[in-house]
1. Ratio of segment 407-480's C-alpha Rg to 2.2 N^0.38 Å, to two decimals?
2. So for the chain, averaging the separation of alpha carbon pairs under 8 Å that are six or more residues apart and normalising by length, what relative contact order in percent results?
3. Could you tell me which of L365, V87, P576 has its Cα farthest along the dipole of the chain towards the positive end, charges placed at Cβ (Lys, Arg +1; Asp, Glu -1), taken about the Cα centre?
4. When you have a sec, figure out the Kirkwood radius of segment 360-401 from all distinct Cα pair distances and drop it here in Å to one decimal?
5. Largest first, please: the extent of the C-alpha atoms of the chain along each principal axis, to the nearest Å.
6. Please compute the per residue accessible area over the chain with all protein chains in place, 1.4 Å probe, rounded to a whole number of Å².
7. Taking +1 at the Cβ of each Lys and Arg and -1 at the Cβ of each Asp and Glu, which of Q471, L487, F438 sits farthest along the dipole of segment 425-489 towards its positive end, judged by Cα position relative to the Cα centre?
8. In debye to the nearest 20, how big a dipole does segment 348-478 give about its Cα centre with +1 on each Lys and Arg Cβ and -1 on each Asp and Glu Cβ?
Amino acid sequence: MMSLYSLSMPEEQLQPPLPPRVSSMASAPTSKYNSHSLENESIKRTSRDGVNWDLSEAVPRLPGETHVADKEVIYICPFNGPIKGRVYITNYRLYLRSLETDSALILDVPLGVISRIEKMGGATSRGENSYGLDITCKDMRNLRFALKQEGHSRRDMFEILTRHAFPLAHSLPIFAFLNEEKFNVDGWMVYNPVEEYRRQGLPNHHWRITFINKCYELCDTYPSLLVVPYRASDEDLRRVATFRSRNRIPVLSWIHPENKTVIVRCSQPLVGMSGKRNKDDEKYLDVIRETNRQISKLTIYDARPNVNAVANKATGGGYESDDAYHNAELFFLDIHNIHVMRESLKKVKDIVYPNVEESHWLSSLESTHWLEHIKLVLTGAIQVADKVSSGKSSVLVHCSDGWDRTAQLTSLAMLMLDSFYRSIEGFEILVQKEWISFGHKFASRIGHGDKNHADADRSPIFLQFIDCVWQMSKQFPTAFEFNEQFLITILDHLYSCRFGTFLYNCESARERQKVTERTVSLWSLINSNKDKFKNPFYTKEINRVLYPVASMRHLELWVNYYIRWNPRIKQQQPNPVEQRYLELLALRDEYIKRLEELQLANSAKLSDPSTSPSSPSQMMPHVQTHF
């Protein structure tokens, strides 16, 4: 494993790195070596991420963002010690600027990132900087501010922060509904389910589109449009729904363009302790098996460990037994539940923030089991992809309710199988389809605007999926159109509440709240500035299946995400090869432009009858070039 550390820098030169979302606009004005301070600037600038920043003011503001309060504080920096600054609170962010001449520190924290706010110290606290606020964030960092004990300064700041960081608990709107940003593309237009299924060649003779769930009456957590076997009637679907948890029936996610095997997703069957059976469900799975005219059995991948699936029988759930489903083979993938993943990420945070112990790094990382979980998710997705790619059988995937581990497996398998999803817009469609429309419980798992930090439903399932995508991009550096910044931006706005993309638990809830009408899509921000998120090494390939190596020897901790707040960790600067490649591409574009200008000038001369060629070179209408 590569060394993570760069501890040779003098302590006074260490500055916490800026969050990637604002680094492009903040790095120049806040540099120690910049002679122009923020106070002396009066011009307005618009950053690449759409923030209007009036440099005569102390804080960048989005359209619709309003100032709420500001206060002088001591920021207890875990790397450089106490720093005097002024904190500004808006209805969207907490923004701190250092007031010390030898520090250029800036913190820019969207309030949606805050998970917990606690009071530190009491009226009798006497230690230096022992009285103030402790803020726990969802993005792997904590903040601590010391305040003066007199004048209720802490109480005021605590109440203001609590009110705006947890708006749902105070009958306030989430900021996404106040955001007035305008972009030149509409991200809500990225995903159209009919167009996406048509791209896959659907409907066909074996699969049809049904609108049985148009008003979310069949299943309130599924999308309104579903693809089901042609031979299954809507009445059949209603009967099957009674035997599947939350009525989440088996429906198509993806079909192989050549061998016509499919990936189908659903929830667990309601078998229970008595071993109930449902003839309609059994018949329905057999119909799915027969759609690609294969005589082999249908492969069922249950994401859970076997013992968990058996335990779920006690609560009415269960799995497909050999006795009931004769034409199916069942495999358990041993991926643990949301609670195990939550505790694993907590352990990761403990070892990466604020301090990293180099001497025990490998054993500490191993003790979190985070990479083991990544390995199991990737291994399961590889099995799904391989089964479908080989044409041996169609695959059905489920866990308990079919909205956590199931989404991880189907989306990763589709990413491995279908090169379209490796483009920027293709990946956006994949997220919209398999995660957002199929009801991953973003509101419950992330807790947008909710103060209940100890909620047992919180879990980093989507983060885990993005981590798996990053692992794949490391192993196949030319296969993805998007870069690391693209993935980090998605995760930053998973929490920020700036966009409506990840709000609420399901499509029906988003429709009730008119999310697409009242909020901006994250894809609007990304697609209006795609160059920032492009991988320069991307090589478009059709029908190439990617099989990542899901071995612990090939998996890495994503340092640029999990440890990006620690200035003692040497941030991985842009790859020198990548930088040189970008420079060469720019040079090529410049030469092509100059060549076109010369050709136009030459054509104009040749078409002018008043000029006659005086040399053979002037008679050449085009200049040949290997470009």
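1. Numbers: Rg = 13.8 Å, N = 74, 2.2 N^0.38 = 11.3 Å.
Against the empirical 2.2 N^0.38 Å value, I get 1.22 for segment 407-480.
2. Numbers: 1076 pairs, mean separation 91.2, N = 627.
Relative contact order comes out at 15 percent.
3. Checking the options against the dipole of the chain, the answer is L365.
4. On the way: mean 1/r = 0.0806 Å⁻¹.
Every distinct Cα pair counted, the radius reaches 12.4 Å.
5. For the chain, the Cα spread along each principal axis is 96, 76, 49 Å.
6. Details: 28240 Å² over 627 residues.
That works out to 45 Å² per residue.
7. Working it through, the farthest residue towards the positive pole turns out to be F438.
8. Details: 12 positive and 16 negative charges, 71 e Å.
Dipole about the Cα centre, nearest 20: 340 debye.
The values are calculated or read from the model by the stated rules, or taken from the named source; none is laboratory data. Since we're looking at a predicted model, the values are computed, not measured. When we count neighbours, we look across all protein chains shown, and the Cβ atoms used for this are built from the backbone with ideal geometry, even at glycine. When the accessible area is computed, the model is the full protein with side chains, heavy atoms only, and any ligands, DNA or RNA have been set aside. Shrake-Rupley method; radii C 1.70, N 1.55, O 1.52, S 1.80 Å.
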